[in-house]
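Okay, so here's the structure we're looking at.
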Amino acid sequence: MSKKRIVVVVEDEDAIRRGIVDALRISGYEPIEAADGVAGLGEARRAGVDLVLLDLLLPKMDGFEVLGELRVTHASLPVIILTARGSEDDRVRGLRAGADDYVVKPFSARELLARVDAVLRRSPERPTPVLRISGGDTTVDCARREVCHGERERVALSEMEADILQRLASHAGRVVSREELLACVWGLRDGGVETRAIDMHITRLRQKLTVGSSDPDMEWIVTVRGKGYMMGPNLTLVTDAPSTERGMV
Ligand code: CA
């Protein structure tokens with residue numbers, strides 16, 4: 001059966017947070033709680049999160065900041081903001097900052113769940129984890145972090161190399177910026193030294209993917225000047241989505 005949808009609840013008022021968490025759990029969701037903005041951002045960035053319920057007035061980092069930071073790395077993750085009654089400015093500001101919807105406090109569990117359902121229904125398809133990437137007779141087993149050049153050779157990937165590759169593969173068809181790679185793979189903000197570190201990891205990844213391959217000219221990772229990196233166009237990606245094989249043209 002389909003797996004439970006994961007909803008991160010970022011709300012500092014214990015009673016409200018607990019109420020939301022209980023309502024979600026009863027309705028078959030898997031809630032994750034956070035009581036301040038910093039913790040909330042961390043939880044929201046975990047793999048597999050389907051939706052974030054985000055209060056605006058929060059300790060450590062307010063909801064607008066959380067949303068802004070989250071949008072750098074997770075442009076399409078559904079976010080519903082929880083706003084106080086009458087604060088139209090907050091609602092407008094939240095929607096402009098990329099929130100998908102809002103719920104005005106005090107709200108009923110029924111109303112909240114209806115919004116959650118609606119936002120999840122219309123949200124674009126989430127990237128699905130990629131299990132295998134193939135180019136020529138070279139295959140990457142993402143879970144085992146291993147590159148196989150036919151039957152000839154196996155090369156291990158470091159955790160970071162595997163994470164970078166997974167990020168690029170699950171967003172195949174679009175450019176992933178160095179900042180996005182940094183934020184997701186390292187959990188850091190941008191900075192000159194770190195972005196160069198990304199380039200070094202990419203160089204090593206390319207070597208592992210092509211040296212020993214029967215097709216050493218295969219383009220696995222494309223550099224998009226001034227923008228970042230993207231997955232090569234002639235690879236085959238296998239995901240754990242229901243229809244598994246997806247050829248990249
Ligand atoms: Ca609050």
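Just so it is clear, none of the values below were taken in a lab; they were calculated from the coordinates. Bear in mind that the values here come from a model prediction, so they are computed numbers and not experimental data. With ideal geometry, Cβ positions are generated from the backbone for all residues, glycine too; neighbour counts draw on all protein chains shown.
Here are the numbers:
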item: Hey, GLU33 within 23 Å of the chain's Cα centre (by Cα), charged (D, E, K, R) and within 15 Å of the ligand (Cβ to nearest atom) or not; result: yes
item: Scan of segment 40-63 for residues that are surrounded by 19 or more Cβ atoms within 10 Å (Cβ to Cβ) and under 22 Å from the mean Cα position of the chain (by Cα), ordered by number; result: GLY40, LEU41, ALA44, VAL49, ASP50, LEU51, VAL52, LEU53, LEU54, ASP55, LEU56, GLY63
item: Hits in segment 87-101 - residues which are outside any loop (DSSP other than H, G, I, E, B) and either among the charged types (D, E, K, R) or more than 16 Å from ARG71 (Cβ to Cβ) (or both); result: GLU88, ASP89, ASP90, ARG91, VAL92, ARG93, ARG96, ASP101
item: Criterion: within 20 Å of GLY28 (Cα to Cα), loosely packed, with under 14 Cβ neighbours inside 10 Å and of a type in the set (A, V, I, L, M) - qualifying residue of ALA109, ALA84, ALA114, ALA75; result: ALA114
item: Filter result (among the hydrophobic types (A, V, I, L, M, F, W, C), within 18 Å of ASP90 (Cα to Cα) and assigned to a loop (DSSP other than H, G, I, E, B)) within segment 47-78; result: LEU56, LEU57, LEU58, MET61
item: Residue among VAL72, VAL38, VAL10, VAL49 that alone is touching a residue at least 60 places away in the same chain (Cβ under 8 Å) and either away from the ligand (no atom under 16 Å from the Cβ) or within 30 Å of ARG174 (Cα to Cα) (or both); result: VAL72
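Yes/no per residue for (1) within 15 Å of the ligand (Cβ to nearest atom); (2) closer than 30 Å to ARG178 by Cβ:
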position	(1), (2)
ALA15	yes, no
PRO78	no, yes
LEU82	yes, no
ASP89	no, no
VAL103	yes, no
